[in-house]
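Peer 1: This structure is in structure tokens; I'll ask about it shortly.
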Amino acid sequence: MPELLSPEWLDLQQAAMSALPERPGASACIQYDVAGGTAGPISFHLVLDDGRIADSGLGAADEPDFVLAVKWDDFVASVRGDLDLSVGFMQGRVKVTGNIGRMLSVLPVTTSPEWNEQLRAVASQTTGL
């Protein structure tokens, strides 16, 4: 089983999310900056194309549309399905910088029941949670 935020985990997440329904226009490059884990700060990025993860990788994106800054514990809670990152944003636990309009355009995807179902499936195959 892949460890959370490993290249294998990103591949597993991308494969799971590639099966989601197409949502034309729900496209963005999202960077996550996760702080506070045992490995130190970790950045990774996802490229959503019409509601599906088309690409992902460790490290900062060259030109992210927006960046989500989140603490390790909150990120783990989001992967487990215990915290919706949009709720974390409203509570001040997640910081967003960049194009807020682009973030709002993909929010219906990343908060959808289908996305959350796939995320829980990935979590069930992940170590480090």
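Peer 1: Among Gln13, Gln91, Gln118, which one moves the most in a GNM of the chain with springs linking Cα atoms closer than 10 Å?
Peer 2: Gln91
Peer 1: What residue among Asp50, Asp73, Asp65 shows peak mean-square fluctuation when the chain is described by a Gaussian network model with Cα springs under 10 Å?
Peer 2: Asp73
Peer 1: Spelling out what I want: for every residue of segment 58-71, take phi, set θ = phi - 60°, compute 6.51 cos²θ - 1.76 cosθ + 1.60 (Karplus), and round to whole Hz; glycine and proline get x.
Peer 2: Working through the residues one at a time gives 6, x, 6, 6, 4, 9, x, 6, 7, 10, 9, 9, 9, 6 Hz.
Peer 1: Would you mind classifying segment 32-94 by shape? Square roots of the alpha carbon gyration tensor eigenvalues, ordered a ≥ b ≥ c; an a/c under 1.5 is rounded, otherwise it is prolate if a/b is larger than b/c and oblate if not.
Peer 2: Note, shape of segment 32-94 comes out oblate.
Peer 1: Also, I was wondering about something else. Most mobile of Ile53, Ile42, Ile100 per a Gaussian network model of the chain (Cα springs, under 10 Å)?
Peer 2: Ile100
Peer 1: Another question about this same structure. Under 1.5 on a/c is rounded, so check that first for segment 71-129, then, if it is not, pick prolate when a/b is larger than b/c and oblate when it is not; a ≥ b ≥ c are the square roots of the alpha carbon gyration tensor eigenvalues.
Peer 2: oblate
Peer 1: Dipole magnitude of the chain about its Cα centre, charges +1 at Lys/Arg Cβ and -1 at Asp/Glu Cβ only, in debye to the nearest 20?
Peer 2: Taking the Cα centre of the chain as origin, the dipole is about 360 debye.
Peer 1: Now for a separate question. Rounded, prolate or oblate: which fits the chain, taking a ≥ b ≥ c as square roots of the Cα gyration tensor eigenvalues, rounded meaning a/c under 1.5, else prolate when a/b beats b/c?
Peer 2: rounded
Peer 1: How much length, in nm to one decimal, is gained on full extension between Asp73 and Thr97, taken as 0.36 nm per residue of separation minus their Cα-Cα distance?
Peer 2: Taking 0.36 nm per residue and subtracting the Cα distance, the gain is 6.6 nm.
Bear in mind these aren't lab numbers, they're just calculated from the coordinates by the rules spelled out. Fair warning: this is a prediction, and the values are worked out from it, not measured in the lab. Counting neighbours? That spans all protein chains shown, and the Cβs are built from the backbone with ideal geometry, glycine included.
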